[in-house]
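The structure appears right after this line, and notes come after that.
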Amino acid sequence: MADPTVLEVYRREVTPELYRDVRELYKKHSLAEDARDLAGLISTLTPDCVYELVQTGHRWEGHEGATRFYTELLTAFPDIRFDLTDIVIGPQGVCEEANVTATQQAPWLGVPPAEGRLEWKVVIWFPWDPELGLFRGEKVYSTGIDLPPATG
C-alpha cells in the first residue's frame, strides 16, 4: 500500500495555471543557479527545504543549509555546467536529468580536487509545495562520480 502522503501528491490536479507556476519557478531557479545568484536561487525554496544526495546520505536543511550546499558546490566546481537531457514538469514538482561537467578547484564533501575535467550524470527531483508555491529542496541522484558517504 502506498504512503498516504504519496497518494495525495499523486492525486494533485494539474491546471494550466499550476503547470505555469511550477515551470516558471523552475526557470527562475535554473537562471539564478546559472548566474550564481544565491539570493535568487534561495527565493525559490521553502524555508524548511532539504537538499539531499540520496546515495551518500548528505543533507542540508533550511535556507541556511541550501546556501551552504550551493556555496560549497560552486566553490569546489566554479565552472559546473548542467546540460539537460530530460525533464518532467507537473503538479508534483520537476524532475530533470542532466549531464554535468566541471573542473574541481577545491575540496567537496571532503574529497580533494581531482585533476582534469569531470563528467557525470544526475537526476534531480524538485518537490513542489502547493501551499507556498515553492520547491521543498532537491533530491539528487548521481552516477559516474565517486562521492563519500555522509558521516555522523
Quick check on VAL140: is it in a strand (DSSP E or B) and exposed (fewer than 13 other Cβ atoms within 10 Å of the Cβ)? no
Taking the condition closer than 17 Å to PRO130 by Cβ, more than 13 Å from the chain's Cα centre (by Cα) and surrounded by fewer than 16 Cβ atoms within 10 Å (Cβ to Cβ), does VAL6 pass? yes
Over the range 74-113, the set of residues surrounded by fewer than 17 Cβ atoms within 10 Å (Cβ to Cβ), among the charged types (D, E, K, R) and closer than 27 Å to ARG11 by Cα is ASP86, GLU97
What is the one condition in (1) over 21 Å from LEU132 (Cβ atoms); (2) in contact (Cβ under 8 Å) with a residue 24 or more places away in the chain; (3) of a type in the set (A, V, I, L, M, F, W, C) that ALA35 does not satisfy? (2)
Restricting attention to the range 90-114, report how many residues are over 17 Å from SER142 (Cα atoms) and either in contact (Cβ under 8 Å) with a residue 40 or more places away in the chain or among the β-branched types (Val, Ile, Thr) (or both). 4
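Each reported figure results from applying straightforward, stated rules to the coordinates on display, with no laboratory input. Remember, it's a predicted structure, so these values are computed and weren't measured experimentally. Using ideal geometry, Cβ is built from the backbone for each residue, glycine included, and neighbour counts are taken over all protein chains shown.
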